[in-house]
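> Quick one: the structure is below, and I'll ask about it shortly.
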Amino acid sequence: MSPVGRGRRRVLSRTTPAALVTGVDEVAMEAVTVGLQFDLPSAVVVRHVLDVESQRLVRVVSDCTGVLERHVHELEHACVACALREDVVPTMERLAASGRWGAVVAHLPVAAEALQACRVIETYVQAAPHVHVAAVVAALDGQAVLADLLGDDLLHERDLHTSEDDSRGVAETAAAIVEYADAVALTGPCDPAGLDLLRALARPGVTVVDDPSALDATPLVAGAHRHDVTEAWVDVVRRDELPLHGSRYVWTLDLRSDRPFHPGRLLESIEKIGGGPRRSRGSFWLPSRPSDVCVWDGAGGQLSVGTASPWGTDTPLTRIVVHGLASGPLASSPDDVQEAFEHCLLSDAELADRGPYWEVASDGLEPWLGDVRRAA
């Protein structure tokens, strides 16, 4: 895709607002989509369903008059990236460019994260010059919130995977969807612990409602989504002070140090920090890989680690924010996580003896981070 338009300021008054509906439960997403369509009679709704087995993407477009089109798109490779590039974003642009409707409501494929569509639309203006993302709405089943955010199910175990090689966990996906959202709408009752966990994960100021009918579409399409603010909230490296959300149901740890993890002790203790029914995300660095930003992304006992762009001129930072429940079947102890984190950091003696930059041939983390490069 051409990078033309990167960095340009989008003139919102000349583009059509779009509300993106995301989630891991089709029924909840449908309820929220219908609610938005009811609130916005001048809107057009486009729903995409991704069928990985048949390699098809089904598109249905409707407005207050009924179904306008239904199309089955054959994909060479069924995945979210292909669906977005080949049909989702182009359809949103086509509908907006027609000038026929005052807003677009886009029901994304189940388990597809909105950040991919937002980054295409906001970064590559030429790809969709007539539409802007006004809001991202996360739709969840209220009764399943705790299981979806902290359980250990995989997407493919629920037949929700978005490609043949989609190995994501439900909790990892649902948590990321909530963290990127401008509003969260639940269908069905949710217990207080689930509501508190949602508020802890969501960006400060995000609306959380326990009934789709309580979601006010007007301020959403007016521009609830601020791309730079959202991207900062979900960034791997977080340097600003973060609101510490604590309640009788949910605990939060902001584990932070300028020291790197000891590779060996990290391997020994990684499950104590990233395992179990918790949500944890952030960045860390290693003395064996001092130039690499190492990514930490865990939820529901599933943990992903990898590398992002190099630190460059930025000061390396080890910072992982962890949320867990204080009581109930999915409860865990913050003290154990805190202790494991501190155990992994280089000690004063190790810093004095070897320093923060090590020249080693391997560090045991090659299966996740690739080969060790020469220390900078």
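> Would you please give the FRET efficiency between Q126 and L267, computed as 1/(1 + (r/R0)^6) with r the Cβ-Cβ distance and R0 = 51 Å, to the nearest 0.05?
On the way: r = 45 Å, r/R0 = 0.89.
FRET efficiency, Q126 to L267: 0.65.
> How much length is gained if the chain between V209 and R94 is pulled fully straight, taking 0.36 nm per residue apart and subtracting their Cα-Cα distance, in nm to one decimal?
The span from V209 to R94 would gain 38.2 nm if fully extended.
> If you fit an axis through the alpha-carbon atoms of helix 170-180 and take the longest principal axis of the Cα set of the chain, what angle between them do you get, 0 to 90°, nearest 10?
Taking Cα atoms only, the helix is inclined about 70 degrees.
> Stretch A331-L244 to full length: gain in nm at 0.36 nm per residue minus the Cα-Cα span? List each step's numbers first, then the result.
Numbers: separation 87, 0.36 × 87 = 31.32 nm, distance 1.84 nm.
Once the chain is fully extended between A331 and L244, it gains 29.5 nm.
> Here's another thing I want to ask about it. What's the exposure ranking of R168, R289, going from fewest to most Cβ atoms within 10 Å? Numbers along the way, then the final one.
On the way: R168 23, R289 26.
So the residues, fewest neighbours to most, are R168, R289.
> Where does helix 114-123 land angle-wise versus the long Cα axis of the chain, in degrees 0 to 90, nearest 10?
80
> When the chain is modelled as a GNM with alpha-carbon springs shorter than 10 Å, which of L303, L255, L195 fluctuates the most?
Its mean-square fluctuation being the largest, the pick is L255.
> Once the piece of chain linking R56 and E231 is laid out straight, how much longer is it, given 0.36 nm per residue of separation minus the C-alpha distance between them?
On the way: separation 175, 0.36 × 175 = 63.00 nm, distance 3.05 nm.
Full-extension gain reported as 60.0 nm.
> Using mean Cβ contacts within 10 Å as the protection proxy, how do 328-337, 105-114 order, highest first?
Numbers: 328-337: 14.5, 105-114: 25.1.
For the peptides 328-337, 105-114, the packing ranking is 105-114, 328-337.
> What nm value, rounded to one decimal, do you get for the distance between A352 and H77 when each label is placed 7 Å out toward the C-beta?
5.3
> Let me ask another. Given the options H71, H130, H225, state which has the largest fluctuation in a GNM of the chain using a 10 Å cut-off (strictly under) for Cα springs.
Per the Cα network of the chain with a 10 Å cutoff, H71 tops the list.
> Using the charge dipole of region 15-234 (Lys, Arg: +1 at Cβ; Asp, Glu: -1 at Cβ; taken about the Cα centre), state which of S42, A117, T91 has its Cα farthest towards the positive end.
S42
> Here's another thing I want to ask about it. What does the helix-only formula give at 222 nm for the chain: each DSSP H stretch with n ≥ 4 adding -39500 (n - 2.57), the total divided by the residues, and the result rounded to the nearest 500 deg cm²/dmol?
Numbers: 13 runs with 113 residues, N = 376.
One gets -8500 deg cm²/dmol as the mean residue ellipticity at 222 nm.
> Run through the DSSP bridge list for region 84-231 and note the antiparallel percent, rounded to the nearest 5. Before the final figure, lay out the partial values.
Working: 1 of 9 bridges.
Antiparallel bridges make up about 10 percent of those DSSP assigns within region 84-231.
> Can you work out D for region 293-376 in µm² s⁻¹ from Stokes-Einstein, where Rh is the Kirkwood radius over C-alpha pairs, the temperature is 10 °C and the viscosity is 1.306 mPa s? Working shown, then result.
Details: Rh = 15.6 Å.
Result for D is 102 µm²/s.
> Quick one: helix 334-344 against the long Cα principal axis of the chain, what's the angle to the nearest 10°, folded into 0 to 90?
Its long axis makes an angle of about 60 degrees.
> Then there's this: Under a Cβ-only charge scheme (Lys and Arg +1, Asp and Glu -1), can you give me the dipole magnitude of the chain about the Cα centre, in debye to the nearest 20? Display every interim value, and only then the final one.
On the way: 33 positive and 55 negative charges, 296 e Å.
Result for the chain is approximately 1420 debye, rounded to the nearest 20.
> Still on this structure, please answer the following. According to a simple spin-label model (label point 7 Å from Cα along Cα-to-Cβ), what is the distance in nm between E86 and T307?
3.2
> Among DSSP bridges having both ends in the chain, what percentage is antiparallel? Round to the nearest 5. Walk me through the numbers on the way to the answer.
Values: 44 of 70 bridges.
Bridges in the chain are about 65 percent antiparallel.
> Among E231, E179, E241, which comes first, second and so on when ranked by fewest other beta-carbon atoms within 10 Å? Numbers along the way, then the final one.
Numbers: E231 14, E179 19, E241 7.
Ascending number of Cβ neighbours within 10 Å: E241, E231, E179.
> Next question, about the same structure. Would you mind classifying the chain by shape? Square roots of the alpha carbon gyration tensor eigenvalues, ordered a ≥ b ≥ c; an a/c under 1.5 is rounded, otherwise it is prolate if a/b is larger than b/c and oblate if not.
Numbers: a/c = 2.01, a/b = 1.61, b/c = 1.25.
It comes out prolate by the Cα gyration axes.
> For region 15-234, what mean projected area does the convex hull of the alpha carbons give, in nm²?
Values: hull surface 43.8 nm².
Mean orientational projected area (region 15-234, Cα hull): 10.9 nm².
A short reminder: the numbers here are calculations on the coordinates, not readings from a lab. Note that the structure is predicted; figures quoted are calculated from it, not measured. With ideal geometry, Cβ positions are generated from the backbone for all residues, glycine too; neighbour counts draw on all protein chains shown.
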